[in-house]
Amino acid sequence: MNIKLGINAYGKNAVNLSKIIRHADHHEFRQVSVNVALEGDFDTAHTLGDNSKILPTDTQKNTVYALAKEHFTGTIEEFGLYLANHFITNNPQVSKARIEILEHAWQRMAFDGAAHTHSFTGGSAEKRRTLVIQTAAGAQVSSGLQDLLLLKTTDSAFENYIKDQYTVLKETSDRILATKCEAMWEYTTTDLDFEATYQKIRTSLLHTFAHHKSLSVQQTLYAIGEQILLDNEVVKEVSLIMPNKHHIPFNLEQFGMENKNEVFIATDEPFGYITGTVVRE
């Protein structure tokens, strides 16, 4: 019987990095978490315990901090590309570098309409993310967001679904649609303005959610992905996760009152879990 090592990788996860970017008249505060994963010629490390081709994960961690000083001055996509290229260029045994970065939002405080120069408040739960994968053939960048809370109080329905002996859910033509959205899109190039493109895509996502007359979460998910592709030629595909954060009308009839879609029970679990990827043909 022949036995061999299959696909493998190693790296450093959750490299938590904070950085102050000092401008002449104000500071930026950036907080990210970086994951590094390397693939390559590491067979003998597994089969013989030979570490001669292993770049220690502690060194990978230190590299993230050291390179952040000069090269984390813009978008997380740009920093991810620089990190991936560094690991590929300086380690011939590495065939693929995978860099994943998650950014936490901080906002400058404002007083009397003016932003404070160096004080911040924690932003929303929403986080920006990117994934950079580089090989000898080149680099590929995907970007996205997660934990984006979205809610609309109308223009959402759920009707004409399967009903069997276990179905008690009532049809509704007017309900709350709420979700904690996660989105990831793949770019067709690395030569673009990542900041402007990200903001354009995020705005498209929000606009579609707000204005789409939803017949189901699935339909809204597709509409969001479709609009992002229509608006952005540099996007190859969009993957979305949209859990349905249920808001159940509370029974006021037991108190002799009518609930006209005004009072709800918000439930965290269990919840509907809807995913999908929209691609160009």
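Scanning region 232-263 for residues that are of a type outside the set (V, I, T) and open to solvent by less than 60 Å² (accessible area, probe 1.4 Å) yields N232, E237, S239, L240, M242, P243, N244, K245, H246, H247, L252, N259.
Give the residues of region 264-281 that are of a type in the set (F, W, Y) and open to solvent by 70 Å² or more (accessible area, probe 1.4 Å), sorted by residue number. Correct list: F271, Y273. Each residue in region 1-38 was checked for being touching a residue at least 60 places away in the same chain (Cβ under 8 Å) and of a type in the set (S, T, N, Q), and 3 of them qualify. Counting only residues that are touching a Phe, Trp or Tyr at 6+ places or on another chain (Cβ under 9 Å), of a type in the set (A, V, I, L, M, F, W, C) and within 19 Å of G144 (Cβ to Cβ), region 255-281 holds 1 of them.
Of all residues in region 73-130, which are of a type in the set (D, E) and out of contact with any Leu (no Cβ under 8 Å at 6 or more places or on another chain)? Listed by number, the residues that qualify are E77, E78, E103, D112. Check region 144-155 and report whether any residue there is of a type in the set (S, T, Y) and either within 18 Å of the chain's Cα centre (by Cα) or under 27 Å from E100 (Cα atoms) (or both). The answer is no; no qualifying residue exists.
Do we find a residue being within 19 Å of L148 (Cβ to Cβ), among the aromatic types (F, W, Y) and either open to solvent by 60 Å² or more (accessible area, probe 1.4 Å) or out of contact with any Pro (no Cβ under 9 Å at 6 or more places or on another chain) (or both) anywhere in region 200-211? Yes, region 200-211 contains at least one residue that is within 19 Å of L148 (Cβ to Cβ), among the aromatic types (F, W, Y) and either open to solvent by 60 Å² or more (accessible area, probe 1.4 Å) or out of contact with any Pro (no Cβ under 9 Å at 6 or more places or on another chain) (or both). Residues in region 91-120 that are in contact with a strand residue (DSSP E or B) (Cβ under 7 Å, 6 or more places away or on another chain), touching a residue at least 40 places away in the same chain (Cβ under 8 Å) and either at positive phi or polar (S, T, N, Q) (or both): 3 in all.
Of the residues making up region 55-98, just one is open to solvent by 50 Å² or more (accessible area, probe 1.4 Å) and among the hydrophobic types (A, V, I, L, M, F, W, C), namely A66. Taken over region 1-53, the residue count meeting the criterion of being outside any loop (DSSP other than H, G, I, E, B) and polar (S, T, N, Q) is 8. Out of T121, T167, T179, one residue alone is open to solvent by 40 Å² or more (accessible area, probe 1.4 Å), part of a strand (DSSP E or B) and out of contact with any Cys (no Cβ under 6 Å at 6 or more places or on another chain). It is T121.
Would you pick out the residues in region 155-182 that are touching a residue at least 40 places away in the same chain (Cβ under 8 Å) and not hydrophobic (A, V, I, L, M, F, W, C)? Within region 155-182, D155, S156, E159, D174, R175, T179, K180, E182 meet the criteria. Residues of region 233-254 that are touching a Phe, Trp or Tyr at 6+ places or on another chain (Cβ under 8 Å), closer than 27 Å to T189 by Cα and not charged (D, E, K, R): V234, V235, V238, S239, I241.
For region 212-221, a tally of residues being buried (at least 18 other Cβ atoms within 10 Å of the Cβ), assigned to a helix (DSSP H, G or I) and not β-branched (V, I, T) returns 1. The lone criterion from (1) at pLDDT 95 or above; (2) outside any strand (DSSP E or B); (3) loosely packed, with under 13 Cβ neighbours inside 10 Å; (4) not hydroxyl-bearing (S, T, Y) left unmet by L149 is number (2).
Looking only at residues that are touching a Ser or Thr at 6+ places or on another chain (Cβ under 9 Å) and not hydrophobic (A, V, I, L, M, F, W, C) in region 2-18, which one is farthest from N90 (Cα to Cα)? Applying the filter and picking the extreme gives K4.
The values are calculated or read from the model by the stated rules, or taken from the named source; none is laboratory data. None of the values given here were measured: they were computed from a predicted structure. Ideal geometry is used to build each Cβ from the backbone, glycine not excepted, and the neighbour counts take in all protein chains shown. With ligands, DNA and RNA removed, areas are computed over all heavy atoms of the protein, side chains included. Shrake-Rupley method; radii C 1.70, N 1.55, O 1.52, S 1.80 Å.
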